[in-house]
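Visitor: First the structure, which I've put down as structure tokens, then a few questions once you've had a look.
Read the figures in this text as sums done on the coordinates, not as results from a lab. Computed from a predicted structure; not experimentally measured. Here the Cβ positions follow ideal geometry from the backbone for every residue, glycine too, while neighbour counts run over all protein chains shown.
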Amino acid sequence: MLDEYCERLGPGLWAEPVNALTNLVFILAALLLWRLLQQQYPQRRPLSLRWLIVLVASIGVGSGLYHTFATPWAMWMDVIPILIFQISLLWTYLRRLAGLGALVSSGLMMLFMAANYASGLVPDWLNGSMMYAPAIASVLLLGLDHARRQSCERWLLLGAFAVFCVSLFFRTLDNQWCEIWPLGTHFVWHVLNGLVLYLATRALITVRGAFQ
Ligand SMILES: [Zn+2]
């Protein structure tokens, strides 16, 4: 049994009910994104955007499993969809929105993967939040590019970055505040990240002409 979070006091399926149930936010985000995609693309919906929405829902399912079972296999169910989402969003942005070639995009992706590997070397720093450093840095860089490049909903990605900063703050302090607030603050990370994923994916769905 893995006990990473403040809310969990022991083994058992239902030892983190709030951390488990707040993953429904990701399902809600996926449903809202799907409705938006239908509005933006009434006929042919781009596969890369459908894929991102499926991943948002998968993140909710994987994280829900992890906070329910708290076992190593469930941890991978949590980690893998998040990583695939990051890679997919980054690749789609670089190729479709930034219009970069396959070679340059692949180089940047490798840089991102190397940064992920490096941040994984210090798993205990900041209550495990160091592993999100490459993700938050990428959202900031893409956000600056998006704000400069787009005219429609241009602040969406920088908005996602701002919410991500707040959610990472609550994730990092989960165990520190445990004595005075036994529920912990990890559930705030879930709820705000539902918003982060919604804003980041919306930024790609609302761009006109990138997926023709
Ligand atoms: Zn979680």
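Visitor: Please report the relative contact order for the chain, taking Cα pairs under 8 Å with a sequence separation of at least 6, and give it as a percent rounded to a whole number.
Guide: 26
Visitor: Provide Met113, Met77 in ascending order of the number of other Cβ atoms located within 10 Å of each residue's Cβ, fewest first.
Guide: Result, fewest neighbours first: Met113, Met77.
Visitor: Measuring from a point 7 Å past the Cα of Leu183 along Cα-to-C-beta, which residues in segment 10-54 have an amide N at less than 19 Å?
Guide: Counting backbone N atoms under 19 Å from the label point, the list is 10, 14-26.
Visitor: Using R₀ = 22 Å, calculate the FRET efficiency as 1/(1 + (r/R₀)^6) where r is the Cβ-Cβ separation of Tyr117 and Leu2; round to 0.05.
Guide: That gives a FRET efficiency of 0.55.
Visitor: Taking only DSSP H segments of four or more residues, each worth -39500 (n - 2.57), what value at 222 nm results for the chain once the sum is divided by all its residues, to the nearest 500 deg cm²/dmol?
Guide: -22000 deg cm²/dmol, from helical runs alone.
Visitor: May I pose another question? Using the 10 angstrom Cβ neighbour count as an exposure proxy, how do Arg50, Arg95, Arg208 rank, fewest first?
Guide: Going from sparsest to densest Cβ surroundings: Arg208, Arg50, Arg95.
Visitor: Using 10 Å bins from zero, what percent of all Cα-Cα pairs in segment 138-212 falls into each bin?
Guide: 21, 40, 23, 13, 4, 0
Visitor: Sticking with this structure for a sec: Can you tell me the FRET efficiency between Trp14 and Ala162 if r is taken as the Cβ-Cβ distance and R0 is 30 Å, rounded to the nearest 0.05?
Guide: Computed FRET efficiency for Trp14 and Ala162 comes out at 0.35.
Visitor: Quick one: putting +1 on the C-beta of Lys and Arg, -1 on the C-beta of Asp and Glu, what dipole do you get for the chain around its Cα centre, in Debye to the nearest 20?
Guide: 1320
Visitor: Throw me the Rg/Rh for the chain, computed over C-alpha atoms with Kirkwood Rh, two decimals.
Guide: Ratio of gyration radius to Kirkwood radius for the chain: 0.98.
Visitor: Separate question: Which of the cysteines in the chain are isolated, no other cysteine C-beta under 4.7 Å?
Guide: Flagged as lacking a Cys partner: Cys152, Cys165.
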